[in-house]
Amino acid sequence: MNLLIATGNRHKFREISAILKSTRLVMISLKEWGDVPEVVEDGATFEANAIKKAVTLARFSGLWTLADDSGLEVDALGGEPGVWSARYAGEPSNDAANNDKLLRKMMGVVDRRARFRCVIAVSDPNGVARTVSGTCEGTLRNQLRGEGGFGYDPLFVPCGHDLTFAEIPADIKNGLSHRAVALARAVQEWGGLLASGPGRWPE
Ligand code: IMP
């Protein structure tokens, strides 16, 4: 079954495609659609934003659509940047500026615990959506390390590892990330259903 992946972030698209590659789903990129409606991510939660993206693009395209809303929560900052992760240092979204701001705020802070959180929403073409979520616990380094990944990856060391997400190979990140955990749940809950290409969610 075709599944539209509602993200303009090529890193996310690559990760989602890699994680879902063993399913029979055919991933369609937003790029194949040309002009698509812009979705303002003004929800107070990852869940609200993920649903808004999935529902808007599903209604627009007439396809089953998957959206990811995700971000970093830092314990010592009361959960910041959270839903503001992409725009932490202002608009337009800039990874280097966001990391810079985070490093400044965390200067001298001893408690380095943080987690990535991901909510995956899947919407049927009528705009009825369901969600699953996943987290990945870790700590923050006090300087940027590594060239891989995107966003806050050069600062984030997942639990049980010594290297940042930007230093470890992509297939390792894709096996343990917040996105991997959420997508594994999505496949567990809806994989069989989606493979059979239903018109809408069953009652
Ligand atoms: P969204 O597109 O509104 O979901 O924004 C997600 C933002 O959270 C990204 O721009 C990154 O700053 C951050 N983020 C989410 N997932 C990851 C990840 O896997 N690695 C690094 N940063 C991430």
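Mind checking which residues of region 82-96 are part of a helix (DSSP H, G or I) and either touching a helix residue (DSSP H, G or I) at 6+ places or on another chain (Cβ under 6 Å) or open to solvent by less than 40 Å² (accessible area, probe 1.4 Å) (or both)?
Gly82, Val83, Ser85
Would you mind telling me which numbered condition in (1) within 19 Å of Leu140 (Cβ to Cβ); (2) in contact with a Ser or Thr (Cβ under 9 Å, 6 or more places away or on another chain) Ala67 fails?
Answer for Ala67: the failing condition is (1).
If I filter region 110-130 down to residues being open to solvent by 40 Å² or more (accessible area, probe 1.4 Å) and within 28 Å of His161 (Cβ to Cβ), which single residue comes out as farthest from the chain's Cα centre (by Cα)?
Per the criteria, the residue is Val110.
Given (1) touching a strand residue (DSSP E or B) at 6+ places or on another chain (Cβ under 6 Å); (2) buried (at least 21 other Cβ atoms within 10 Å of the Cβ); (3) not basic (Lys, Arg), identify the lone condition not met by Glu47.
(2)
Answer yes or no: is there a residue in region 141-162 that is closer than 24 Å to Ala50 by Cα and in contact with a Pro (Cβ under 8 Å, 6 or more places away or on another chain).
No; the residues of region 141-162 include none that is closer than 24 Å to Ala50 by Cα and in contact with a Pro (Cβ under 8 Å, 6 or more places away or on another chain).
The values are calculated or read from the model by the stated rules, or taken from the named source; none is laboratory data. Note that this is a predicted model, so its numbers are computed, not measured. Cβ: placed from backbone, ideal geometry, glycine included. Neighbour counts: every protein chain shown. Calculation scope for accessible area: heavy atoms of the full protein, side chains included, ligands and nucleic acids excluded. Shrake-Rupley method; radii C 1.70, N 1.55, O 1.52, S 1.80 Å.
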